[in-house]
Every structure is written in structure tokens, then in C-alpha cells.
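The values are calculated or read from the model by the stated rules, or taken from the named source; none is laboratory data. These numbers were taken from a predicted model, which means no experiment stands behind them. Don't worry about glycine lacking a Cβ; one is built from the backbone with ideal geometry, like all the others, and counts go over all protein chains shown. Areas reflect the complete protein model, heavy atoms only, side chains present, ligands, DNA and RNA absent. Shrake-Rupley method; radii C 1.70, N 1.55, O 1.52, S 1.80 Å.
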Amino acid sequence: MRMIDIIEKKRDNKKLSQKEIEFFVKGVADGSIPDYQTSALLMAICLNGMDDEETLYLTQAMAASGDQIDLSPIPGIKVDKHSTGGVGDKTTLILGPIVAACGVPVAKMSGRGLGHTGGTIDKLESIPGFKSGLSREEFINSVKEIGIAVAGQTENLVPADKKLYALRDVTGTVRSIPLIAASIMSKKLASGADAIVLDVKVGSGAFMKTVDEARRLARAMVDIGKGAGRKTVAIITDMDKPLGKAIGNALEVREAIEVLAGRGPEDITEICLTLAGKMLELAGKGDFDTCKSLALQAIGDRSALGKLKEMIKNQGGIPDVVHDFSLLPKAVHTKEYLSPDTGYLASMTSDVLGVASMLLGAGRANKESSIDHAAGIVLLKKPGDRVEKNEPLMILHANQSSFFDAAIRQIEGAVEISQDKPKMPPLILDIIE
Ligand code: URA
């Protein structure tokens, strides 16, 4: 088989066979296909697409390119969750403990943040002592013993995706539905869960800018899940504004604890109850309404908060952070950002706030940069709220006061005040089963 023939076939908009796709993925993973040929095929896929069958073969070949986690030693139905990335998205920190408290095992592998989007592992590592680098044995045993573990992805999880993603990033081929779907779902398949709940974000802070595009991505991923024998559901949620009020690692851990204690912001609480309800439903705990009530009950009776405490202790962190926020890192400097006008807060674009938070020290400019766990932003107002001129809209947190100016310049472009009350889209836009 020759790579040039595969490229020409896709260039001419023909369907690739399973064997051709496997040849390509294997060659990417073992380095036998040069980057220029890989890039050429990626562009041909980007322009001409792939049908459901090709996308499934691509996903399965990618999943098989490295470690495949076997969760079968853990009894019960294991349900994974994935969010397509966002700003202020701390849902895993909340959902994991809720679902585990309801008796469904949570064996979750998560990533670190890059650029303006955060990562669950960075957030958890803001808890002093917390260890995310678990061996496979430690990971499985933790889930067996206490029902939950959240660990960093192993180095060798879907190596084909690491290579393809790095090339897509520099060849203008990130925004392709089959490539995004295969990239995300290959990691989910390799992570070993029996069922998958996907949170597909739409809006300024997300990959998908329109609900239509998000629906197509959701459908492609649900079809891959089905084709691979894993029950999969996708929920399409709004990401035009940040989720909750906190952006930045320790600030988000604090907000996640507030949600589990029943006093968190309404938007993130609602999304988490919906996602948890779907996860519990896939795990066979009843119909969706029953499962959503179970999730709400786990917040009300504090069992989910207790589960988070148990998980932190089990992974070496200080469990008392759940009652005492002074144990979390705290920035030396804070600065209020004031409303430029009186009216309604019409927009507060989340990608710009994500970049501002990164400039305060909360994110990584590249894979090697270190992050400041204490830095970030706490919103005091959200889109739709009435505001007065010079009223604080948010508080910026940084350990170096020199970081404030660049962050403020970003935020100035993100905040819009209108005289008419803006119409807010619903938080949950669609559910694709
Ligand atoms: N997230 C991924 O893991 N892959 C993509 O291609 C896009 C978002």
C-alpha cells in the first residue's frame, strides 16, 4: 500500500477503506509516514470529509495506537464524561463525586490546560499534596476501594492523536468534524469506559461556534460510540459566557466545592445535574428524571461533598480544603474591574476572559510553561445582569501586580454593556442520543 494513493483517493473525494485508514494511522504512530504526506491527507479529509464508517475506522485505529485501559477489574458499568473544552469548566470536579456518591464507579482520566482553556488535572493539583500521576494499579484500586479516581492521562494514550493534533494545529486542519470526533472519541474508547456522556460546547469560548455545527459534531461522536459498542449521549451546552463565576485553578476548585455544598451558581449546578443525570441513566440507575433527582439528593445530603473529600485524601491531598478554603493557594494581589457604563451586561466573551486569566498566570502559553494555581478571575456579574457605572464586574487575582495591565486590556474587548435587557440563550441547547 502506498500513502500517495491514499492521499489521491481522498483528494478525489472517494471513500477510504478500513485497511487504508489503518495503514495511515499505523504509519503516523510509528513515524514511517512523513509529516508532509500526513498533512496532505489531513487537508484532503478537512476539505472532503469522511462518512460515518470511515470516521469510525479512523477512531478505532487511533484508539488502538497505544495503551488501552482495561477497566474490567472494576465491577459495574463505568461511565466516562468528556467536555469539548471551555472556560471556567469545572464540571468533572463536581460530576465525578456526585456520580460516585450515587454508587456508580468513576475512573476518570483527564488532561491539563493549554492556552485559554483549563484542565481538570491542573485544577486538582492546586489542592496541596494532590497526586494525579497514578500507576495503573493505583488507579484501578482507588476506584475499587472508594468508587472514584481522577488521574492524568498516561503518556502512551492514543499516541497517533498526539502526532495528528500537533500537525493539525499548524496546518489549518483542526476545524474538521470527522477529525475532531475521531480525536476525542479515540481517547474515550482507549480510556475503557462502557458508556460515555459528551458535553459539546457552543459559542465564543468553544470549538463549535454555532448550534448546527455542534449538533453535527455531537451526532458524529454519538455514532462512533454506537459503532464501537459504547452507549453514548451528547448534551449541547452554551459556552458564550463562562460557566459559573470562577476562572482559574484554585478558584475553580473552591467553586466546585460550593456547588457540592449546595450553594454554587445556578448555571453550573444545572449543567452538572443534567450531565450527572445522563451518566447515572447510562449506568442503569433509572430514567433520566429519577437519575437527576438522585444527583440532586447527593448534593443535598452532602454525600457528594464527602466523596470529593475521600478522593482528595486517597490521592494525597489535604481533605480539609472542602471546609477550609484558606488551605488553597491564594494570590497576593487582587484588582477590581469596574463597569464602564450603566445598563445591562450584554456579553462577556468567555474566550477573551480565558486569555485574560492566562495572562494573570492561570494558564500555559505552551506545553512547558508552569502555571500559577492561585491566579484567575472571579466574576461578580454575568451577562443579563443590571450594572451601574463603576460597579465592580469582576475581581482579578494575580501574584504579580504587573500582570494586571495586559489582562485588563483583554477584558476591555470582552465586556459589552447595552441599554436593553439582552435575551439569553438557554443553557442546555439540545440532547443527542
Ligand atoms: N479536543 C480534542 O481532543 N481533539 C480535537 O480535535 C478537538 C478538541
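Do any GluC sites (Glu not before Pro) in the range 302-376 lie in a DSSP loop with no more than 16 other beta carbon atoms within 10 Å, and if so, which?
On the way: sites: Glu310, Glu336, Glu368; in loops: Glu368.
Qualifying residues, ordered by number: Glu368.
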- line: Here the averaged projected area of the range 195-280, based on the convex hull of its alpha-carbon atoms and given in nm², is 6.0 nm²
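Which pairs break 22 Å Cα to Cα here: Lys201/Lys421; Lys201/Lys382; Lys209/Lys278?
Details: Lys201/Lys421 24 Å; Lys201/Lys382 18 Å; Lys209/Lys278 24 Å.
Over 22 Å apart, Cα to Cα: Lys201/Lys421; Lys209/Lys278.
Would you mind calculating the relative contact order of the range 237-365 from Cα pairs under 8 angstrom and at least 6 residues apart, reporting the percent as a whole number? Display every interim value, and only then the final one.
Values: 94 pairs, mean separation 36.4, N = 129.
Taking the mean separation of contacting Cα pairs over the length of the range 237-365, I get 28 percent.
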query: Principal axis lengths of the range 358-406 from Cα atoms, whole Å, largest first?
result: 41, 21, 17
- prompt: Mind listing the Cα extents of the range 1-69 along all three principal axes, in Å, largest one first?
  reply: 37, 26, 20
statement: Of all trypsin sites (Lys or Arg not before Pro) in the range 178-280, the ones in DSSP coil with at most 12 other Cβ atoms within 10 Å are Arg263
field: Under 13 Å from the Cα of Lys131 - aspartates and glutamates, other chains or at least 8 residues apart
entry: Asp122
message: Among Ala346, Ala214, Ala234, which one shows the highest mean-square fluctuation when the chain is modelled as a Gaussian network with alpha-carbon springs under 10 Å?
response: Ala346
query: What does the accessible area per residue of the chain come to in Å², with a 1.4 Å probe and no ligands, DNA or RNA counted?
result: 41 Å²
query: Normalized C-alpha radius of gyration of the chain, against 2.2 N^0.38 Å?
result: 0.98
- prompt: Using alpha-carbon positions, what is the distance between the centroids of the range 1-79 and the range 95-135, in Å?
  reply: 29 Å
- request: Would you be so kind as to identify which of Ala365, Pro329, Ile408 lies farthest towards the positive end of the dipole of the range 329-418, taking Lys and Arg as +1 and Asp and Glu as -1 on Cβ and the Cα centre as origin?
  value: Pro329
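Of the heavy-atom accessible surface of the chain (probe 1.4 angstrom), what whole percent is carbon and sulfur? Display every interim value, and only then the final one.
Numbers: 8860 of 17660 Å².
Of the solvent-accessible surface of the chain, carbon and sulfur hold 50 percent.
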message: Going 7 Å from the Cα of Asp430 along its beta-carbon direction, which residues of the range 182-201 have the amide nitrogen within less than 16 Å of the resulting point?
response: 198-201
query: Taking Cα pairs under 8 Å and at least six residues apart, what relative contact order does the range 145-219 come out at, in percent?
result: 26 percent
- prompt: When Lys and Arg each count +1 and Asp and Glu each count -1, what net charge do the other residues less than 11 Å away from Val106, Cβ to Cβ, add up to?
  reply: +3
- prompt: Can you give the charge dipole size of the range 243-378 about its Cα centre, rounded to the nearest 20 debye, using +1 on the beta carbon of Lys and Arg and -1 on the beta carbon of Asp and Glu?
  reply: 380 debye
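What is the sum of charges, Lys and Arg at +1 and Asp and Glu at -1, for the other residues whose Cβ falls under 10 Å from the Cβ of Asp161?
Working: positive: Lys162, Lys163, Arg168, Lys187; negative: none.
That sum, taken over residues with Cβ under 10 Å, equals +4.
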- prompt: Could you give the nm distance between label points at Arg216 and Leu47, where each point is 7 Å from its Cα heading toward the beta carbon?
  reply: 1.7 nm
query: Hey, what number do you get for the chain at 222 nm if only DSSP H runs of n ≥ 4 count, each worth -39500 (n - 2.57), divided across all residues, to the nearest 500?
result: -14000 deg cm²/dmol
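Specify, per residue and in Å³, the volume enclosed by the convex hull of the alpha carbon atoms belonging to the range 144-264.
Values: hull volume 18.5 nm³, N = 121.
Residue-normalised Cα hull volume stands at 153 Å³.
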- line: Simple spin-label estimate for Asp324/Val170, 7 Å along Cα→Cβ, in nm, reads 4.9 nm
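Only Cα pairs under 8 Å and at least 6 apart count here; give the relative contact order of the chain as a rounded whole percent. The partial results should precede the final answer.
Numbers: 936 pairs, mean separation 83.3, N = 433.
Reported relative contact order: 19 percent.
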query: How far is the Cα center of the range 307-347 from the Cα center of the range 227-258, in Å?
result: 16 Å
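Quick one: putting +1 on the C-beta of Lys and Arg, -1 on the C-beta of Asp and Glu, what dipole do you get for the chain around its Cα centre, in Debye to the nearest 20? Intermediate results must be reported in sequence, preceding the final value.
Working: 53 positive and 57 negative charges, 66 e Å.
So the dipole magnitude of the chain works out to roughly 320 debye.
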Qualifying trypsin sites (Lys or Arg not before Pro) in the range 1-100, DSSP loop, other Cβ atoms within 10 Å at most 16: Arg2, Lys14, Lys15
